[in-house]
Amino acid sequence: MAEIARKIALLDLDAFFASAEELRNPKLKNRPFAVGGGGERGVVATANYLARQYGVRSAMPGSQARKLCPQLTFVKPDGSYYRELSNQVLDVLYEVTHRVEPASIDEFYLDLTHNELYRGSATLTMNAVRERIRSLGITGSAGISNQKMVAKIASEERKPDGQFVVPPDDVFGYIAKLNLKQIPGVGPKSQQVLTNYGLMTGKDIQNIELRQLQEILGEKAGYVLFERCHGRDKREVVTERIRKSVGVEQTLTSDMKLESTAQTYVQENLLPKLRERMKVKHWREQPIRSQTLKLKFSDFTQTTVSRSTQFVSPSLFYELLSEAWQRGKRKGVRLLGISAALPDPSEQLQLELELD
């Protein structure tokens, strides 16, 4: 009996934070704006399409964004509002199938293999889903294929508010035409390594031997990229995702110069937020695997220190802070973060590239 071809879709909400803000304040639709911080230390979370025409992009320093677009308006992020709207989208998706995996607050994988709505057509189903999303006041773009990777890449083809289908028989040829930077997991560093060997497209990877690629990237990363470029991605849509860690971090309004000040900040600002996010009143209510403290210095270099432990210990965070602080060699600190790694019952190996 022939194996049933999978139907996997990826719905990507278009400029989600910006769209959410336009929904709340329609006057923003006619002006370039960004969600995030516009000060010297702020960062752009996302920008509307008017601002993107000036070159404003996600993760760009707010000061640089203002230089590119002097009339840019900045809107403070509202996480609870975005989550509420994201959950409304999720409710729409659950009306279609319960095989939904939220990859992030604005990206959702759907397994439509056994969907019977709209005569079993994934194309018609996603058209209907996007129409429903539009009624919420936001738009989404979709990619459809027989696997997660190609569905994700295809979701970029018709942005904003469109969709693109890559049938199973077209997957190999579609990947052949891709620049390797479009393959999830191939970041700037790994892309440069591959370029040095004359490997720049999916077709280039399709035309070399597995062993050659593993010699360039290593056993695991070479194997994963080889499989992906040959159209083999068997990852399932995971309907229940286990949290691997819980953490909080904060970019400071000015550089912190004293370790004692940082210790007080951890105690009074970060630890209460971590307890809230872990949903515990007492640390021993939640077993963990390790604690990590992160510092980003004034020159944007950063360091992390971790220790294995069974439960969160505030005093251990102070020890980690002391070790991390020494690595700064008297540089100011612009960001502080703490986190706890949670037990993972499945311990599943994720086939993702980890070169960068």
* Asked: For Q212, all conditions in the list (1) in a loop (DSSP other than H, G, I, E, B); (2) surrounded by fewer than 16 Cβ atoms within 10 Å (Cβ to Cβ) hold save one; what is the number of the exception?
  -> (1)
* Structure fact -> Among the residues of the stretch 274-323, the number that are under 25 Å from R41 (Cα atoms) and touching a residue at least 60 places away in the same chain (Cβ under 8 Å) is 3
* Please indicate, with yes or no, whether at least one residue in the stretch 44-59 is among the charged types (D, E, K, R) and part of a helix (DSSP H, G or I). => yes
* Asked: Out of the stretch 103-124, which residues are among the hydrophobic types (A, V, I, L, M, F, W, C) and assigned to a strand (DSSP E or B)?
  -> A103, F108, L110
* Asked: Do we have any residue at all in the stretch 251-261 that's in contact with a helix residue (DSSP H, G or I) (Cβ under 7 Å, 6 or more places away or on another chain), surrounded by fewer than 18 Cβ atoms within 10 Å (Cβ to Cβ) and not charged (D, E, K, R)?
  -> no
* Of the residues V248, V237, which is part of a loop (DSSP other than H, G, I, E, B), within 22 Å of the chain's Cα centre (by Cα), crowded, with 16+ Cβ neighbours inside 10 Å and at negative phi? -> V237
* **Boolean, N146 is over 18 Å from S19 (Cα atoms) and at pLDDT below 95** => no
* Counting only residues that are part of a loop (DSSP other than H, G, I, E, B) and under 24 Å from the mean Cα position of the chain (by Cα), which one in the stretch 251-298 is farthest from L320 (Cα to Cα)? -> K279
* State whether one or more residues within the stretch 7-30 are in a strand (DSSP E or B), within 23 Å of N87 (Cα to Cα) and in contact with a Lys or Arg (Cβ under 7 Å, 6 or more places away or on another chain). => yes
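If a residue must be touching a helix residue (DSSP H, G or I) at 6+ places or on another chain (Cβ under 9 Å) and surrounded by 15 or more Cβ atoms within 10 Å (Cβ to Cβ), how many such residues does the stretch 138-158 contain?
Residues flagged as touching a helix residue (DSSP H, G or I) at 6+ places or on another chain (Cβ under 9 Å) and surrounded by 15 or more Cβ atoms within 10 Å (Cβ to Cβ) within the stretch 138-158 amount to 14.
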* Evaluate the stretch 174-185: report whether one residue or more is more than 30 Å from G332 (Cα to Cα), free of Cβ contacts under 8 Å to residues at least 24 places away in the same chain, basic (K, R) and out of contact with any strand residue (DSSP E or B) (no Cβ under 7 Å at 6 or more places or on another chain). => yes
* Structure fact -> Of the residues in the stretch 207-234, those that are closer than 30 Å to Q302 by Cα, β-branched (V, I, T) and over 23 Å from the mean Cα position of the chain (by Cα) come to I216
* Check off (1) buried (at least 18 other Cβ atoms within 10 Å of the Cβ); (2) within 22 Å of R24 (Cα to Cα) for D161 and give me the number that stays unchecked. => (1)
* To do: Determine, yes or no, whether Q71 is part of a loop (DSSP other than H, G, I, E, B) and in the same structural domain as T139 (by TED's automatic domain parsing).
  => yes
* Out of the stretch 74-109, which residues are without any contact (Cβ under 8 Å) to a residue 60 or more places away in the chain and either in contact with a helix residue (DSSP H, G or I) (Cβ under 7 Å, 6 or more places away or on another chain) or among the small types (G, A, S) (or both)? -> F74, V75, G79, S80, V92, V96, S104
* Asked: Of the residues A59, A5, A15, A103, which single one is in the same structural domain as I153 (by TED's automatic domain parsing) and buried (at least 18 other Cβ atoms within 10 Å of the Cβ)?
  -> A15
* Asked: Among the residues of the stretch 286-293, is any under 30 Å from G38 (Cα atoms), of a type outside the set (A, V, I, L, M, F, W, C), at pLDDT 95 or above and not assigned by TED's automatic domain parsing to the domain that holds G42?
  -> yes
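The values are calculated or read from the model by the stated rules, or taken from the named source; none is laboratory data. These numbers were taken from a predicted model, which means no experiment stands behind them. Here the Cβ is made from the backbone with ideal geometry for all residues, glycine too, and neighbour counts use every protein chain on show.
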